[in-house]
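Please read the structure below before turning to the comments.
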Amino acid sequence: VRRGGGGAGGGGEDADRANRERIRELTKKAPPRRNPVPAHFERPPLRVFTTTLWEYPSQHYGPAGAVQGDPNYVGATPSWVIWQLLQRYTREKDLVVDPMCGSGTTLDVARDLGRRGLGYDLAPSRPDIFRADARKVPLEDGKADFAFVDPPYSTHVDYSDDPRCIGKLSAGGEDGGRAYYDSMALVIGEMWRVLRVGGHAGLYVSDSFEKARAKGGNTGFMPIGFELFSILRERFEPVDVICVVRQNAKLAQGNWHKAAEEGNFFLRGFNYLFVMRKGKALGTGH
Ligand SMILES: C[S@@+](CC[C@H](N)C(=O)[O-])C[C@H]1O[C@@H](n2cnc3c(N)ncnc32)[C@H](O)[C@@H]1O
């Protein structure tokens, strides 16, 4: 699992190997910090944010100890991001769909806010998530009021053994990410199809970087955010682009920051949150 991190390499095989060794050494798990977050840590009350820069000091909202989704699920969406979206773009009893539901964060937030949640995943983690491929969602056209998705960002997390998992497709592979982006275009097409006209969609994603891919004409950077936004724009109307600050708690456990400085790469500091609307025009946002 390497989400948010970076690989190694660059400049010949020996340099590659040396870099990889160095980064492995630097990013070894450090001992637990001396001052872990105290059990009585009070989360600030959640209010609707008014700017396009979003930050909150916890993955979950509510009283200390409350969780939405599964806190141990690698790659879970911060629940407060979904809370912000549902507060703004949905009403009570609205149908909220998540075609890549993971640990069920979207379902829990929808329930908290009195919305109806419908979640699908290739590898359902709990009984209220239906097994389905997000490229072919078993829901009629125009039924949903809101669709949210936090897709795999390239191949950083091993979500399941299902060969159809989009997390097995690299956004910077030999094919230039073709298979990944083609699959995501199908997912986005399904989100558009199941939404009612006027319904909103949220796509939460980060760019990616792998130093091991930085060879020849490849910089190792995968601008997944901009690529997916342009795919969204083929169908949807843009509502806004939000920058969500990543907490990166895992990066603090190793010397990732030192590795980033020495290896001259950047760690991901933010996720994009694209907010879109299904307009009246037939499948085109232009
Ligand atoms: C980033 S996680 C979603 C996290 C989720 N929002 C949460 O808070 O737990 C991405 C999910 O996409 C699922 N997935 C990957 N390919 C899929 C596909 N073709 N159809 C449906 N789900 C897929 C994975 O199984 C994984 O659960």
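The values are calculated or read from the model by the stated rules, or taken from the named source; none is laboratory data. These numbers come from a predicted model, not from an experiment. Methodologically, a virtual Cβ is constructed for each residue, glycine included, from the backbone with ideal geometry; neighbour enumeration extends over all protein chains shown. The accessibility values were calculated without ligands, DNA or RNA, using every heavy atom of the protein model including side chains. Shrake-Rupley method; radii C 1.70, N 1.55, O 1.52, S 1.80 Å.
Go through 211/258; 93/143; 168/215 and tell me which ones have a Cα-Cα distance over 18 Å in this structure. Long pairs (Cα-Cα over 18 Å): 168/215. Across all C-alpha atoms in the range 187-286, the radius of gyration and Dmax reach 17.0, 51 Å. At 1.4 Å probe radius, can you tell me the per residue accessible area of the range 85-194 in Å²? Ligands and nucleic acids excluded, the result is 43 Å² per residue. Expressed as a whole number of Å, what is the distance separating the alpha-carbon centroids of the range 42-58 and the range 132-192? Here the two parts' Cα centres lie 28 Å apart. Give the share of C-alpha pairs in each 10 angstrom bin for the range 49-139, from 0 to the last occupied bin, in whole percents, shortest bins first. Final binned percentages: 17, 47, 31, 4. Counting Lys +1, Arg +1, Asp -1, Glu -1, what net charge surrounds residue 191 among other residues with beta carbon under 10 Å of its beta carbon? Residues near residue 191 contribute +1 overall.
Tell me the net charge near residue 238. Cut-off is 13 Å between Cβ atoms, residue 238 excluded, with +1 for each Lys or Arg and -1 for each Asp or Glu. Summing Lys/Arg as +1 and Asp/Glu as -1 gives +1. Coupling constants for the range 125-136 follow from the phi torsions by the Karplus curve (6.51 cos²θ - 1.76 cosθ + 1.60, θ = phi - 60°), and in residue order they are 9, 7, x, 8, 10, 8, 7, 6, 8, 4, 7, 8 Hz; glycine and proline get x.
The translational diffusion coefficient of the range 104-202, from Stokes-Einstein at 4 °C and 1.567 mPa s with a Kirkwood hydrodynamic radius over alpha carbon pairs, comes to 90 µm²/s. Give me log10 I(q)/I(0) at q = 0.10, 0.15, 0.18, 0.22 Å⁻¹ for the range 125-266, Debye formula, one equal scatterer per alpha-carbon, no solvent. The Debye formula, applied to the Cα set alone, gives -0.41, -0.89, -1.19, -1.49.
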